[in-house]
Amino acid sequence: MSPGGGPRLLLRRLREIMAEQTSAQMRLDKLVSVIASNMVAEVCSIYLRRAGKVLELFATEGLNRAAVHNTRLKEGEGLVGLVAETAEAVNLSDAPSDPHFSYRPETGEDPFKSFLGVPIVRGGQVFGVLVVQNKAERIYAEEEVEALQTVAMVLAEVVAQGGFFNVAELDEPELRADRPRKFMGDGLSEGVAVGHVVLHEPRVKVDRMIADDAAQELKRLEEAIGSLRQSVDQMLVSSELDLTGEGREVIEAYRLFAYDQGWRQRMRDAVRTGLTAEASVERVQDETRLRVQRLGDPILRERAHDFDDLARRLLRHLTGESGQQALSRDAIVVARNMGPAELLDYGREKLLGLALEDAAATSHVAIVARSMGLPLVSSLEGIADNARAGDAIVVDGESGEVHLRPPVEIVAAFEEKRGLRVQAQARFAAIRDMPAITKDGVAIKLMMNAGLEFDMPHLKESGADGIGLFRTELQFMIGETMPRLADQTAFYKTILDAAGDKPVVFRTLDLGGDKVLPYARWEREENPALGWRAIRIALDRPALLRYQVRALLAASHGRTLRILLPMVSDVDEFNRARAMIDRELERARLLNQTRPTQVLVGAMLEVPALAFMLPQLMRSADFVSIGSNDLLSLAFAVDRTNPRVARRYDNLNPASLTLIRLIVQSAAENSGDLSLCGEMAGRPLDAMALLGLGLRTLSMQPGQIGPIKMMIRSLNLGEISSFVDRLCGRTDHSLRTRLAAFAAERGIVLK
Ligand code: PEP
Ligand code: MG
């Protein structure tokens, strides 16, 4: 077969069919007939994917018509299933003899030997399969495969945009871009949000897919690539950005991609098949994404994000779109991932929630979302490609459910849930001024975690006893430049003034790992979670700690200053940092500068090795706070920022509880002041176990103070202590179910 009239003519015919006013089925029927004749094929069929990954024959020219809507294949079943599963073209001269061939008598495909099937792809997802078949045994030429792929792409895009089919007639095939979709992810910040999608990396809308003039399109493509390259070159020389280390590497990798000849050539080839420059960029990007997804390599996946970004920039060069978007009053941001600074850029007034593809529970974007009180769900694979700007969306940060384009009943159900939450909050507010005392009379201290100025009103609203963890690095991370001494002093003073009589524990800069400053020179490390972090940086670069301490001393004039040192690994490290603090205090005294009445210095217990040094540590530390996020991540050898493994262990594993029990006992034997400020403290079931282990001070996100207090007031501490003690001896992967059953039996409130 030689393409009858070539792909460009075929695309033109496609466009005519699209413009016709007929039913969806008739258009599909016409389409297969036009493709068959243009490609001189005896058979042309379209299979579309329905829910449950079933591929259904939707139209055919050449097979039995009676098979339409009757022949169905599962993904991976038959050659059509193979195309859908692998997302690759299958080109065979003798299809019936292939082991994947699945014979379907109702189709009457017996006489057809050669088979060419290509996936119908959009946004990195396979929506169906387009097939041509011939009686004669032959392998289809490369240009024929290319031509069929181009047709499949146009078909996917047009159908997905809803401009081709009257979708209602098609009984909900998977392909409909406007159909409701439910995603199940991990709820990382509680709350229910009902609003509309704002794409963090908006998909550039391509209106024109089929070219009028190929030479003109090629010229447009070349010009756009030229300007893209220029703008990336510009990034590297820009003195404003002053890129070094990892930042520079990223942009250099970008630059390599921008100059990649293979990429350019693939886009040029796509233009030659009759697509517009924009459609060609999309097509090549879809293919790249699919290839990377199949390889499943996390590093390549990251690179693919870079490539996505580059393709988006190229599309913007072509369409002239700026990429800036206006936020509606009920915006819910959808993105692959996002940094904490980017989240703050959106501001709190208009944002209702977040739906991300891959952020881990203890990632900084999650921590900031919690502190902003924004519901966040992550691990939502494919949502960024599926969502369109302005789509209705529901995000439930508690159950991890996200509904895209939900029917009205779903919206109503979630509105109701939101209402119930408001009522629950009213109940929490009612106990705000009541003490956190267990049924058997033990008082628990409930502190809150904070890091930004807008956290401060929560101190009063939540009824917290003080701030148990103030993450000072957040203020450094959101700025464009390193805050100067005077700015730092003013900031800490604002925080202390807002706290009034309540204590504030300032943690010194906890940088490194996943926390990098946008403006600092950072050397790339193989293993940043185990690398140059927190107190290690402070001891190697003492100026950073010294200036921060100086600011804290000045800000705490006339009050007690509490300083907490992060990621301490051994007592000597703590002592050296403490000596630096003492020197600063002495300096302030000699210079007769304003200073606190008292300085208390504590250590974060995040490195498991330190758990065995508490008797010695307690001699020099005024207090110790368990950072369970890092402690357990390091104890289980799991990178907490890597969503692939972050959930592999449960905090309520017998080993975690045994480790924490050891710490509590050791601290008590040495009369140490111990608290816990990791995310566990804010989860009622986890917190119940922690109290059972002997902890009496917990610091958590402010929104959780109410629920935790409810739990405490319904708890008998004696009972839970002996129960948790017994649980430590078990071998379960997680003790969650047993603890929940215990709570249910005794009417302990966990909501
Ligand atoms: C922790 O590790 O538990 C902790 C509170 O510190 P961060 O989450 O800021 O690392
Ligand atoms: Mg930590």
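Points to keep in mind about this one:
- By accessible area, using a 1.4 Å probe on protein heavy atoms only, the stretch 6-160 has 51% of its surface on carbon and sulfur.
- When peptides 636-645, 54-63 are ranked by their average number of other Cβ atoms within 10 Å per residue, the highest-first order is 54-63, 636-645.
- Pair K417, V145: separation of 7 Å Cα→Cβ label points (nm): 4.6
- For K53, a cut-off of 22 angstrom between C-alpha atoms picks up these lysines, skipping any fewer than 8 places away in its own chain: K74, K182.
- Ranked by the mean number of other Cβ atoms within 10 Å of their residues, highest first, the peptides 695-702, 612-619, 100-107 come out as 695-702, 612-619, 100-107.
- Surface per residue (accessible, 1.4 Å probe) for the stretch 6-160, Å²: 37
- For the stretch 608-647, the percent of C-alpha pairs falling in each 5 Å distance bin, counted from 0 to the bin holding the largest distance, reads 6, 21, 25, 17, 12, 10, 6, 2.
- Distant-in-sequence amide H partners of L564 (H built 1.01 Å from N, under 5 Å): F506, R507, T508, G602
- Karplus-derived HN-Hα couplings along the stretch 220-226 (A = 6.51, B = -1.76, C = 1.60, θ = phi - 60°), whole Hz, x at Gly and Pro: 4, 4, 4, 5, 5, 4, x
- Long-range amide H partners of S714 with built H, under 5 Å: V749
- Near-label residues of the stretch 630-662 by backbone N, under 16 Å of a point 7 Å along Cα→Cβ of R730: 650-659
- Whole-Hz couplings from phi, Karplus 6.51/-1.76/1.60, listed for the stretch 466-473; x for Gly and Pro: x, 9, x, 8, 10, 7, 5, 5
- Solvent-accessible area of W532 with every protein chain in place, 1.4 Å probe, in Å² to the nearest 10: 80
- The stretch 442-703 shape via C-alpha gyration tensor axes, a/c threshold 1.5: rounded
- For a straight C-alpha distance cut-off of 22 angstrom, the lysines reachable from K350 (same-chain residues fewer than eight places away being disregarded) are K417.
- Rg and Dmax over the alpha-carbon atoms of the chain stand at 30.4, 99 Å.
- Residue-normalised accessible area of the stretch 442-703, given per residue in Å² at a 1.4 Å probe: 40
- Between the stretch 547-586 and the stretch 202-234, the Cα center-to-center distance that results, in Å: 56
- 5 Å-binned pair-distance histogram of the stretch 425-480 (Cα, whole percent): 4, 16, 21, 20, 15, 10, 7, 4, 1, 0, 0
- Average Cα contact separation per residue, the chain, under 8 Å, 6 or more apart, as relative contact order %: 10
- Set against the 2.2 N^0.38 Å expectation for a compact globular protein, the stretch 6-160 has a Cα radius of gyration ratio of 0.94.
- Förster-model FRET efficiency, 51 Å R0, A655 and R484, C-beta, rounded to 0.05: 0.70
- Under 19 Å of direct C-alpha separation, and excluding same-chain neighbours fewer than eight residues apart, K460 reaches these lysines: K445, K493, K502, K709.
- Cα gyration tensor, the stretch 551-629 - rounded (a/c under 1.5), prolate or oblate: prolate
- In the calculated pair-distance distribution of the stretch 376-415, the portion above 12 angstrom amounts to 59 percent of the Cα-Cα pairs.
- Gained length - V442 relative to H557, 0.36 nm times residue gap less alpha-carbon distance: 38.0 nm
- Degrees, to the nearest 10: 142-160 long Cα axis against longest axis of the chain: 60
- Sorted peptide list for 37-50, 209-222, criterion being average Cβ within 10 angstrom, highest first: 37-50, 209-222
- Derived scalar couplings ³J(HN,Hα) [the stretch 88-99; Karplus, 6.51 cos²θ - 1.76 cosθ + 1.60; whole Hz; x for Gly, Pro]: 10, 5, 10, 10, 10, 8, 9, 4, x, 8, 7, x
The values are calculated or read from the model by the stated rules, or taken from the named source; none is laboratory data. None of the values given here were measured: they were computed from a predicted structure. Glycine also receives a Cβ, built like all others from the backbone with ideal geometry; neighbour counts cover every protein chain displayed. Only protein heavy atoms, including side chains, enter the accessible area calculation; ligands, DNA and RNA are left aside. Shrake-Rupley method; radii C 1.70, N 1.55, O 1.52, S 1.80 Å.
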